[in-house]
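The values are calculated or read from the model by the stated rules, or taken from the named source; none is laboratory data. As the structure is a computational prediction, the values presented were derived from the model and not from experiment. With ideal geometry, Cβ positions are generated from the backbone for all residues, glycine too; neighbour counts draw on all protein chains shown.
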Amino acid sequence: MEEVERSAPSVEEAIESALAELGATEQEVTVQILQEPRAGFVGVGSQEAVVRVRLQARREEASEEDLEEQAEIAADFVEGLLMRIGLIAEVQPQVDDGTMYLNVVGGESEDDEEDMGLLIGRHGQTLDAVQELTRVVVGHKTGLRCRVIVDVEDYKKRQRARLASRAVEVARRVARTGREEALDPMNAYERKVVHDAVTEVSGVESSSRGEDPDRRVVIRPRS
């Protein structure tokens, strides 16, 4: 799939939904706005935004060699980062369900557990920052989109499984009741997990609504 059209209450939400379906970033696509949103009068004559999003060039999935190279670069960077901030931990690349993770694992002492908690941060914010730094480093050195997810003590794996399960549960309920539902505010990574999970449920679609940090996924019957 190299091009999709999506609709949503705003242009931004329609673009985000299309990017989620393509698995791409805004830097990798061209966006054509087919229809601007219109509020209408007391709901009459309103219309959603419609966009067409196309990949700039045909992309292929990262090869096993590409992923191994990215994991090696990411591991070197994360190990250096841990050393600079004085944390002792093992960094272990691992492929899980087709995703390359870089697992950061501490020891069994209370101090090690506390260090790993600090590295994760409140609601995963510190780990998200480490992920962003790693993404920039890998992208700069390889010229490819980073496919490595930095994880600490399986935090990301548990989060991904929990979010996907919750998204499927809500999507099935929306398909059954015909009423849209909004999830709690999430960051971009979490929204991507939800969008991917929703595509596995027939008869529903998802888009994002609001502005960060209150941006959230809305699941609704497919129009």
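Given the condition at pLDDT 85 or above and among the hydroxyl-bearing types (Ser, Thr, Tyr), answer yes or no: does some residue in region 16-28 qualify? No: region 16-28 contains no residue that is at pLDDT 85 or above and among the hydroxyl-bearing types (Ser, Thr, Tyr). If I filter region 70-81 down to residues being in contact (Cβ under 8 Å) with a residue 24 or more places away in the chain and out of contact with any helix residue (DSSP H, G or I) (no Cβ under 6 Å at 6 or more places or on another chain), which single residue comes out as surrounded by the most Cβ atoms within 10 Å (Cβ to Cβ)? The qualifying residue surrounded by the most Cβ atoms within 10 Å (Cβ to Cβ) is 78. Does residue 160 qualify as being surrounded by 17 or more Cβ atoms within 10 Å (Cβ to Cβ) and without any contact (Cβ under 8 Å) to a residue 24 or more places away in the chain? When the stated conditions are applied, residue 160 does not pass them.
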